[in-house]
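The values are calculated or read from the model by the stated rules, or taken from the named source; none is laboratory data. Since we're looking at a predicted model, the values are computed, not measured. Ideal geometry is used to build each Cβ from the backbone, glycine not excepted, and the neighbour counts take in all protein chains shown.
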Amino acid sequence: MTMPFAGGIDANANATLIFSLAAAVIYAFTLGMPPTLARSAAKTLAVAMLAVLAALQGGPLLLVAALALSAVGDAFLSRDGEKAFLGGLASFLIAHIVYVALFLRSGGGLRLLGAESWRGAIALAMAVFAIAMLAALWRRVGPGLRIPITVYVAAILAMGVSALTTGSIWIIGGALLFMASDGLLATEKFLVAAISPHRAWMRFAVWVLYYVAQLAITLGFLLNQASY
């Protein structure tokens, strides 16, 4: 069996990756269940183990920090209630800011967006998506959530655009999936009726898109460290 990192399946890096994947799959199968500590642990460990993997492989400290902050956000969002939601929002907001710093530090600069038309086109599409999502949410959320959500949308847009300055398709793809996951999460939480039958598949899709996004960004750095 071919593994992405040196050594066999029992090597620390490969075993950590498998642990992360297993936790992600376990959480996916518990999405329809009430919140429990075991369910929260599975969700948190999925990305926390990616942070451990990044540290084991000598990945950028900013990558480790962004993944760890994301895991904290997952812990908050695995629970019910507005306080937990705001805690998750704050954790992911900081994680996105760290990702922005990481991508800009690792990439070729914002000038690439103008130098290569495909990057500029994707950046424009990201901006349109973010503005449309914010406009839809603005009408549906309470006044107390409007500013936090606006700041968050700006942060994830900055994360997506900064990813476009890197030379890794893994990282760019991961950023796009991250934005898609957040957009779908916002739709499911605020724009879809509480009794909608679509909520079940949307929650599953949000998790899959999000986890694959974090995995792609992680592997984008760890498998191409010579470029960074």
When you look at ALA71, is it surrounded by 20 or more Cβ atoms within 10 Å (Cβ to Cβ) and either under 19 Å from HIS96 (Cβ atoms) or not aliphatic (A, V, I, L, M) (or both), yes or no? yes
Among (1) in a helix (DSSP H, G or I); (2) of a type outside the set (A, V, I, L, M); (3) in contact (Cβ under 8 Å) with a residue 60 or more places away in the chain, which single condition is GLY167 missing? (1)
Among what's in segment 32-43 and is crowded, with 16+ Cβ neighbours inside 10 Å and closer than 17 Å to VAL208 by Cβ, pick the residue that is nearest to the chain's Cα centre (by Cα). LYS43
Would you pick out the residues in segment 170-190 that are buried (at least 20 other Cβ atoms within 10 Å of the Cβ) and acidic (Asp, Glu)? ASP182
Would you call GLY174 not charged (D, E, K, R) and not in a helix (DSSP H, G or I)? no
Please specify each residue of segment 121-153 satisfying the condition of being among the hydroxyl-bearing types (Ser, Thr, Tyr) and free of Cβ contacts under 8 Å to residues at least 60 places away in the same chain. THR150
Can you tell me which of (1) closer than 22 Å to LEU63 by Cα; (2) buried (at least 20 other Cβ atoms within 10 Å of the Cβ); (3) at pLDDT below 95 is the one GLY160 doesn't meet? (3)
Among the candidates ALA95, ALA65, residue that is in contact with a Gly (Cβ under 8 Å, 6 or more places away or on another chain), modelled with pLDDT of 95 or more, assigned to a helix (DSSP H, G or I) and within 28 Å of LEU145 (Cα to Cα): ALA95
Neighbours by Cβ (under 6 Å, 6+ apart or cross-chain): first from segment 5-31, within 20 Å of ALA216 (Cβ to Cβ); second at pLDDT below 90: ALA13/PHE5; ASN14/MET3; ASN14/PHE5
Within segment 154-164, residues without any contact (Cβ under 8 Å) to a residue 60 or more places away in the chain and over 13 Å from the mean Cα position of the chain (by Cα) come out as ALA154, VAL161, LEU164
So how many residues does segment 98-120 have that are surrounded by 12 or more Cβ atoms within 10 Å (Cβ to Cβ) and either farther than 22 Å from GLN214 by Cα or not hydrophobic (A, V, I, L, M, F, W, C) (or both)? 11
Among the candidates ILE9, ILE26, ILE97, residue that is of a type outside the set (Asp, Glu) and closer than 30 Å to PRO143 by Cα: ILE97
Within segment 55-87, can you find the residues that are over 19 Å from MET159 (Cα atoms), aliphatic (A, V, I, L, M) and in contact (Cβ under 8 Å) with a residue 40 or more places away in the chain? LEU56, LEU86
Looking at the structure I just gave you, is ALA125 assigned to a helix (DSSP H, G or I), at pLDDT 95 or above, under 16 Å from the mean Cα position of the chain (by Cα) and surrounded by fewer than 20 Cβ atoms within 10 Å (Cβ to Cβ)? no
